[in-house]
Amino acid sequence: MAIGNEPSQKPAVELDGVTKQFVDFSAVEDLTLSVDDGKFFALLGPSGCGKTTTLRMIGGFEEPTSGVIRLHGENVTGLKPYKRPVNTVFQSYALFPHLSIFENVAFGLRRSKVSDAEVKQRVGAVLELVQLVGRENRRPRQLSGGQQQRVALARALVNHPRVLLLDEPLGALDLKLRKEMQIELKRIQQEVGITFIHVTHDQEEAMTMADTIAVMNQGRIERMGAPTEIYEDPRTAFVSGFLGASNLMSGKVDGDRGAVALASGGVIQANPNRLPAVGAEVKVGVRPEKIQLFAPGDEDAPPNRLPGKVTDASFIGVSTHYLVDTPQAGEMTVVVQNLDDRRFALGEEVVMAWQPEHTFGVTG
Amino acid sequence: MPRVKRLILPVYLGAGLLYLFLPVLVVILFSFNDNHGRFNVRWQGFTLRHWLDPFRVEEIPQSLLVSIILALVSSAIATAIGTLIALALTRYRFKGRSPTNILLFFPMATPEVVMGSSLLGLFVATRFSTGWITLILAHILFIISYAVATVRARIVGFDRHLEEASMDLYANEWSTFRKVTLPLIMPGVFAAFLLGFALSLDDFVVSNFTSGRIQTYPLYVWSAARRGIPPQVNVWGTIIFVLTVTVMVLFLWSQKRRQRKVGI
Amino acid sequence: MTAIAETPRQAQETAAGEAEKRRRRVPYLLLAPGIIYLILLYVVPLISLVRMALQDGNLQAGYEFTWAWENFAEVFTTYRGQLLRSLLYSVGATVITLLIGYPLAYAIAFRTGRWKNLFLVLLLVPFLIPFLLRTLAWRTILADNGFVVTTLIDLGILPQQGGRLLATGWAVLAGLVYSFLPFMVLPIYVALEKTDRSMLEAAGDLYSNPVTAFWKVTWPLSLPGVISGTLLTLIPAAGDYINVQLLGNPQQTMMGNVIENKFLSVIDYPAAAAISITLMIAIVIAVVFYVRSVGSEDLVA
């Protein structure tokens with residue numbers, strides 16, 4: 001059941017220099033972003049970073065102190081929520097306790113004066129989409145958390161909004177259900193074809209579901225891009241730390257071929273496009289799963305090498321997590337897939353090695 | 001021994017309730033008293049004759065009618081105003097919260113004498129003659145704070161996002177109020193109305209100051225206390241009591257039923 | 001909005017600002033009727049009462065504003081007896097009401113489970129019988145040959161000769177306690193109900209003695225309710241005159257009686273006003289103390 005038309009060229013949502021100032025602090029500062037039509041977009045960040053405030057401004061529940069918000073090219077700044085062609089799924093679901101499931105879902109349609117026959121047909125279709133047929137006459141209280149969540153989703157989708165806003169909708173579900181719903185939501189979004197904007201603090205969730213992620217910190221967007229892109233090339237220390245372990249080392253750019261001289265000695269090779277100008281201070285990092293462990297002196301190891309001593313080894317089943325202490329970079333995390341039986345013991349001297357293209361540089 | 005300890009509170013509760021109901025029982029009992037004096041204080045035998053002739057003293061049902069109308073009108077108005085205030089206090093952040101709360105508290109903590117006398121002073125100064133209007137104004141005054149308290153307790157209970165959800169689904173503010181807010185706070189509003197009704201019906205002191213020539217039920221009882229109280233007073237008191245209790249029970253019962261279906 | 005030299009961006013900013021401003025006005029509109037009402041009918045009369053208290057004169061000759069502070073002085077001299085008695089009775093009644101009412105509130109909050117609402121209703125139902133009738137009923141209950149008095153005489157608590165309860169301070173006290181019990185119980189109940197059960201359980205774990213657990217955890221948490229209930233009892237009790245008139249004797253009047261008398265019978269407005277204001281000042285002090293220590297959010301429910 002596709003609701004949206006062909007994805008349009010105009011971005012679904014645009015924020016232009018949006019700032020939200022509260023009495024004693026500023027939640028969102030000079031935010032500019034653009035969400036493509038038909039995509040699953042995630043706003044990711046820790047609590048208090050301003051992601052929910054941003055979402056609420058798109059929905060019309062808060063007004064920006066300054067800046068412009070556009071939906072499909074149309075300026076909606078200052079418009080009340082009921083005048084905007086967007087719908088929201090709230091974190092607490094906000095289902096109307098005094099109405100049946102059917103009436104809950106039909107609420108928006110009724111306010112838009114849709115005929116009874118059409119209401120019945122559309123509600124039926126959307127309930128089928130979220131797999132809740134047969135419970136129309138129950139009250140919200142009688143449903144489980146997961147079911148309520150799907151009602152909230154249905155209630156929003158049935159109105160054919162052009163953009164769907166989701167405010168940490170999976171937060172209240174247990175782990176297993178959350179994982180199931182992540183896949184469900186992604187499936188529904190692709191089937192229905194409209195733009196989803198999903199707010200979450202769970203980086204795994206964002207990376208699973210989103211086409212594009214914007215990582216927010218203290219009211220600003222620090223990094224925006226596809227999941228793989230921002231994971232492998234985080235560009236700021238905050239983003240690299242937020243999306244996973246990062247193993248950061250301080251150094252200075254040496255020459256224009258991608259060499260970085262570490263502050264504590266040694267040279268690391270990186271992709272020169274991921275580094276600032278020659279001579280600049282930089283922090284470089286590498287993801288734990290990109291590092292391999294070798295015995296000292298092993299010449300098969302990739303070019304970037306750092307010697308160290310194993311201080312912890314935890315067997316996780318799929319992989320083994322090592323902590324290796326190095327003179328140049330302190331303690332580094334290494335994750336090795338258990339492909340063979342080679343395990344490194346506590347206290348053993350090893351060499352950590354990885355390919356230059358896996359090195360990323362960050363600021364901040 | 002622990003067994004006995006567990007019983008202390010429930011027993012105490014029972015004793016407390018007994019203590020509270022004692023005067024009630026006396027009032028009801030003495031409506032059946034076969035008394036022959038002016039004062040209905042000593043038990044002289046059981047009779048139904050007062051019940052059979054409740055209109056013997058006309059002033060009683062008359063004053064009751066006055067009290068009931070007064071209570072209905074003033075409670076309705078006070079509840080409406082109080083609901084607005086409760087909505088403002090719970091749903092919005094604004095400057096002046098604290099002074100508002102304090103201002104609302106004062107009427108509840110003021111001795112009725114002071115309230116009554118200051119109101120009378122106001123009416124005298126403005127040369128407003130005491131009568132129905134002053135009575136209603138006075139009653140509204142002391143009910144408002146209680147109405148706010150009651151409705152507020154109810155509103156605090158439910159999800160703040162419900163109204164946002166409603167607006168998100170294309171209902172404007174008025175529509176949201178009618179379709180979402182009002183149905184959900186209705187039990188609280190109704191409870192506030194009942195409370196106001198009871199407070200108004202019960203009021204003596206403030207009414208004494210502001211009623212002029214109008215006689216409410218408590219005012220009648222007061223004047224009768226000097227002269228001699230006909231048992232019909234007890235009869236009517238019992239009737240009102242039974243009626244109000246029935247209304248309250250019905251209200252609570254229907255609430256329980258609705259709660260089970262809707263689950264608030 | 002004029003379209004002259006306004007960039008689109010500026011225009012949008014004004015639109016956002018307008019919407020925000022409109023939103024901010026709403027709570028004030030909601031509050032307006034109530035607050036205006038209270039100010040007109042509560043605050044203004046009180047202020048005029050203060051003015052009245054500082055006047056001199058009588059009904060015939062008219063009143064003159066003379067900064068007559070002696071009216072207030074009179075409160076403390078001529079009516080000293082009533083003042084002290086009001087203080088005594090109201091404090092006494094408050095203490096007793098607290099002692100009786102707290103366990104009741106506790107019992108309802110924690111021991112009644114599903115029937116909580118029912119018990120709350122039961123608590124309040126007796127007060128559907130008009131105040132006067134209830135107090136008169138007490139007159140019957142505490143009558144000289146009534147059950148209560150005879151038992152007390154038998155038990156030796158009251159003297160054989162002329163032992164009575166009516167027309168003594170005790171009856172007045174009993175009446176006051178009875179009248180104000182719900183005003184004490186309800187706020188305490190609300191405060192207790194709101195407390196986090198897990199805190200109480202934690203207290204039970206930490207302190208082996210349930211009494212200590214109560215003192216250190218439950219009591220402080222319920223304090224706002226206790227203070228609220230105390231305020232709702234103490235001051236109105238101080239101004240009560242019905243209980244005195246019906247259950248006490250004319251020799252032992254309280255401030256309330258004086259006010260009523262001066263206002264309605266003797267028509268000595270300045271004196272009556274002075275006494276009323278003295279009472280009100282006592283409330284104000286008490287409320288200020290309360291708000292300072294606990295904050296104002298819990299005042300109204």
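Just a few scattered comments:
- Counting only residues that are among the hydroxyl-bearing types (Ser, Thr, Tyr), surrounded by 21 or more Cβ atoms within 10 Å (Cβ to Cβ) and either in contact (Cβ under 8 Å) with a residue 60 or more places away in the chain or out of contact with any helix residue (DSSP H, G or I) (no Cβ under 7 Å at 6 or more places or on another chain) (or both), the range B:115-132 holds 1 of them.
- Where helices (runs of 4 or more DSSP H) fall entirely within the range B:43-162, those with at least 3 residues that are in contact with a His (Cβ under 9 Å, 6 or more places away or on another chain) are at B:59-91.
- Residue count, the range A:208-233 (criterion: touching a residue at least 40 places away in the same chain (Cβ under 8 Å) and within 15 Å of A:Gln189 (Cβ to Cβ)): 5
- Residue match in the range A:247-268 (condition: assigned by TED's automatic domain parsing to the domain that holds A:Gln355, in a loop (DSSP other than H, G, I, E, B), surrounded by fewer than 19 Cβ atoms within 10 Å (Cβ to Cβ) and touching a Ser or Thr at 6+ places or on another chain (Cβ under 6 Å)): yes
- Qualifying residue in the range A:275-289 (condition: without any contact (Cβ under 8 Å) to a residue 40 or more places away in the chain, closer than 25 Å to A:Arg223 by Cα and assigned to a strand (DSSP E or B)): yes
- Among (1) within 14 Å of chain B (Cβ to nearest Cβ); (2) among the β-branched types (Val, Ile, Thr); (3) in contact (Cβ under 8 Å) with a residue 24 or more places away in the chain, the one test that A:Val130 misses: (1)
- Complete set of residues in the range A:207-231 that are farther than 27 Å from A:Gln21 by Cα, not acidic (Asp, Glu) and not in a loop (DSSP other than H, G, I, E, B): A:Met207, A:Thr208, A:Met209, A:Pro227, A:Thr228, A:Ile230, A:Tyr231
- A:Ser100 satisfies every condition listed in (1) in contact (Cβ under 8 Å) with a residue 24 or more places away in the chain; (2) within 14 Å of chain C (Cβ to nearest Cβ) except (2).
- Scope the range A:67-111; condition among the basic types (Lys, Arg) and either over 18 Å from A:Gly124 (Cβ atoms) or crowded, with 19+ Cβ neighbours inside 10 Å (or both); matching residues: A:Arg70, A:Lys80, A:Lys83, A:Arg84, A:Arg111
- The range A:28-74, subset among the basic types (Lys, Arg) and not in a strand (DSSP E or B), residue farthest from the other protein chains (Cβ to nearest Cβ): A:Lys39
- Test: C:Leu223 is at pLDDT 80 or above, touching a helix residue (DSSP H, G or I) at 6+ places or on another chain (Cβ under 8 Å) and more than 23 Å from C:Val50 (Cβ to Cβ): yes
- Tallying residues that are more than 7 Å from chain B (Cβ to nearest Cβ) and over 15 Å from B:Val114 (Cβ atoms) within the range C:36-49 yields 3.
- Filtered residues of the range B:67-107 (kept if more than 8 Å from chain C (Cβ to nearest Cβ), over 30 Å from A:Phe22 (Cα atoms) and free of Cβ contacts under 8 Å to residues at least 40 places away in the same chain): B:Ile69, B:Ala80
- Of the helices (runs of 4 or more DSSP H) lying entirely inside the range C:125-221, those containing at least 1 residues that are in the same structural domain as C:Gly248 (by TED's automatic domain parsing), under 22 Å from B:Gly228 (Cα atoms) and not small (Gly, Ala, Ser) are C:131-141, C:169-194.
- Within the range A:82-97, considering residues that are under 25 Å from the mean Cα position of the chain (by Cα), facing another protein chain (nearest Cβ under 7 Å) and of a type outside the set (Phe, Trp, Tyr), the one farthest from A:Asn159 (Cα to Cα): A:Ser92
- Filter result (under 27 Å from the mean Cα position of the chain (by Cα) and buried (at least 17 other Cβ atoms within 10 Å of the Cβ)) within the range A:290-322: A:Lys290, A:Ile291, A:Thr320, A:Tyr322
- If you go through the range C:228-283 and keep only what is in a helix (DSSP H, G or I), under 13 Å from C:Leu83 (Cα atoms) and more than 11 Å from every other protein chain (Cβ to nearest Cβ), you end up with just C:Ala274.
- Scanning the range B:181-198 for residues that are part of a loop (DSSP other than H, G, I, E, B) and closer than 18 Å to A:Leu95 by Cα turns up nothing.
- Residue ID - farthest from B:Asp159 (Cα to Cα), chosen from residues in the range A:133-142 that are away from chain B (no Cβ under 14 Å) and in contact with a helix residue (DSSP H, G or I) (Cβ under 6 Å, 6 or more places away or on another chain): A:Val133
- Breaking point among (1) of a type in the set (D, E, K, R); (2) within 14 Å of chain A (Cβ to nearest Cβ); (3) touching a Lys or Arg at 6+ places or on another chain (Cβ under 9 Å), for B:Arg227: (2)
The values are calculated or read from the model by the stated rules, or taken from the named source; none is laboratory data. Values in this document were obtained by computation on a predicted structure and should not be read as measured data. Because the Cβ atoms are built from the backbone with ideal geometry, glycine has one as well, and the counts that use them run over all protein chains shown.
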